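Below you'll find the structure, written out as structure tokens, and then a few comments.
The values are calculated or read from the model by the stated rules, or taken from the named source; none is laboratory data. Being a predicted model, the structure only gives us computed values, none of them experimental. When we count neighbours, we look across all protein chains shown, and the Cβ atoms used for this are built from the backbone with ideal geometry, even at glycine. With ligands, DNA and RNA removed, areas are computed over all heavy atoms of the protein, side chains included. Shrake-Rupley method; radii C 1.70, N 1.55, O 1.52, S 1.80 Å.
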Amino acid sequence: MSSIALSKNGGRVLRGFFALVVVFLYAPILILVIFSFNDSDFPSFPLSGFTLRWYRQFIENGDLRAALWTSAIIAAATSVGAVILGVLSSIALARRFFRGKPVVSALLLSPLVIPYLVFGIALLLLFHQIGISRGIPTVVIGHIVITLPYTILVLVPRLEQIEEALEEAAYDLGANRWVTFRLITFPLILPAVVSALLIAFTTSFDEYAVASFLVGTRSTFPIYLYSALRFPTQLPQVIAVAVVVLLVSLTVVVAAELGRRFVESRVGV
Amino acid sequence: MAWLGVFFVAPIVIVALYSFNVYTLFGGPHGFTLDAWHTVANSGIYRHLFWKSIEMSLIVSISIVVLAYPLAYYLALSGTRRKYVLLLLLIAPFLTSYLLRVLAWKVILGDQGVINSFLVWTHLRAQEHPISQLLYSRFAVMLVLAYIWLPFVALPIFVSLENLDQRLLEAAGDLYASRWRAFIAVTLPLSLPGVIAAFFFVFVPTIGEFVTPSLVGGTGGYMYGNQIVDKFGAGFPDWETGSVLALFLIIVVAILTALFSRFLQPQRVAAE
């Protein structure tokens, strides 16, 4: 197919380049997979046989399991909190007109550009000042603030796609705001809500900077990883756990995205 | 709907409080003083680190925008039918763990890592002479940052190319513009907002980067963000200086955001 945008050969060159970049993106992940089964204390060539030792080690490692569990709790609380706040603010941004709307929307999205490191420190100082001790709740608060903009970025476009006439029709039929939201708006934005939940969950699960300042003595999964990376003896089992987490998150992300497109094309709004 | 107001304002208050609070603690315990600002302003080390970080972020952001443009162009304009599948393939790594992708590079680049051991194994290089500049260097930091942000950069560029009115290109063709001329006169200017947004969304976070440099940077890759962390760290805590450095970074980011703000409509980055 030749067009003004792209000649036939140009298309071939670009396709080759695209393939090359995809290889560059996935090769490191593939290398981790290979070395997670490698029977050697160091991840280096030549390969020295197949083993499941590293996977067994990480399953038996209590600290690591505890860190994973802590991160899962934080991520779950964060995603639910961020999505609730995200839905509320998105409805306000998409449906209502109020004074100072540009300012409010800029403020809501500002955590996108603020370095997490600085934000973590700022929150640390705040909690220090008002005497709240650090722990899981403080991390959740920090993570809600940084994931909120992502939920809004997913939800607002979806709300804008939905015709307001549908909601107005519900009001005309005597439904109040809550009933309208529950029966009309919410089902229509559900795919976006699921994406928002997943984005908030994965972001929080993986977040290091804010968590490291706010978690206190406990260890989240990224914090555990960060410190384990300084001890070479732990490297092989860290690689094994890395493979599990990477593959699970890749699968979830791809499945969620495909699912969302499928549902949205079926609902067809 | 008052309850909406409460929930709606709450996060803003949290956001507002922190920036405010950096200020109070900085002036707080000792009364208002500019000492720490003076120290920072007069210190060549901080200035040097700051410019070094800016320079590294600039190199990384510009190179990956240049790399990502043809990718986005291919997806948006080649007429391939698997456009969205390919886009997902490109972006998926960005949505997985950041730290784990850094970890992968640490394994690959180390002195006994995948690349060096492969070279030794295949007798391309002697065991005593690994390519040790691979890890713990500026190069390593920039490579890893580029690897991490590349998929993300393609997205806003793709969105702007996708929204481009194809009839304009056809019109250019009808007017006997060459492909190259059509690209320079039509496609490139119209996609520029996406390019600028992409640049901004890499440049800003990488200035304050500290995880990647501390894991693969060694001393050569030490960045401004590492300095801030160290000021708040366990060794020799110096919250005052640290706060100044942090606040200065916020100011720089705020100025950059203001400069770029007209290119930063949320739709440009939303994954649609």
Mind checking how much accessible area B and A bury in total, 1.4 Å probe, in Å² rounded to 100? 7700 Å²
Under 19 Å from a label point 7 Å along Cα→Cβ of B:Leu168: give me every residue in the range B:78-93 with its amide N that close. B:78-79
Suppose R0 equals 35 Å. What FRET efficiency, 1/(1 + (r/R0)^6) with r the Cβ-Cβ distance, do A:Thr251 and B:Tyr176 give to the nearest 0.05? 0.10
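First compute the accessible area of chain A with a 1.4 Å probe, then give the percent of it belonging to carbon and sulfur atoms.
On the way: 8390 of 12410 Å².
Heavy-atom surface of chain A belonging to carbon and sulfur, 1.4 Å probe: 68 percent.
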Given the protein chains as shown and a 1.4 Å probe, how many square angstrom of B:Arg47 are accessible, to the nearest 10? 130 Å²
With every protein chain kept in place and a 1.4 Å probe, chain A has an accessible area per residue in Å² of 46 Å²
Treating every alpha carbon of the range A:184-254 as one equal point scatterer without solvent, the Debye formula yields log10 I(q)/I(0) values at q = 0.12, 0.15 Å⁻¹ of -0.46, -0.64
Comparing A:Phe201, A:Phe18, A:Phe213, which has the greatest mean-square fluctuation in the GNM of chain A with Cα pairs linked when under 10 Å apart? A:Phe18
Looking only at A:Glu168, A:Glu160, A:Glu207, which one moves most when chain A is put into a Gaussian network model with springs between Cα atoms under 10 Å? A:Glu168
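Hydropathy first: keep DSSP H helices in chain A averaging at least 0.0 on Kyte-Doolittle, then drop any whose Cα extent along the axis falls short of 27 Å, and list what survives. Show your work: numbers first, answer last.
On the way: long enough: A:8-36 (42 Å, 1.62); A:62-95 (49 Å, 1.37); A:136-161 (37 Å, 1.36); A:186-206 (29 Å, 1.75); A:235-267 (47 Å, 1.56).
TM-like helix candidates: A:8-36, A:62-95, A:136-161, A:186-206, A:235-267.
Tell me the relative contact order for the range A:152-257 as a rounded percent, counting alpha carbon contacts under 8 Å between residues six or more apart.
Working: 41 pairs, mean separation 24.7, N = 106.
For the range A:152-257, the relative contact order is 23 percent.
Averaged across the residues of B:158-171, what count of C-beta atoms belonging to other chains lies within 10 Å of each residue's C-beta?
1
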Place a point 7 Å from Cα of A:Gln161 in the direction of its Cβ. Which residues in the range B:146-164 have their backbone N less than 20 Å from it? B:155-164
Expressed in nanometres to one decimal, the distance between label points 7 Å along Cα→Cβ at A:Val263 and A:Ile73 is 2.9 nm
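Would you mind getting the Kirkwood hydrodynamic radius of chain A from its Cα pairs, rounded to one decimal in Å? Working shown, then result.
Working: mean 1/r = 0.0459 Å⁻¹.
After inverting the mean inverse Cα-Cα distance, the result is 21.8 Å.
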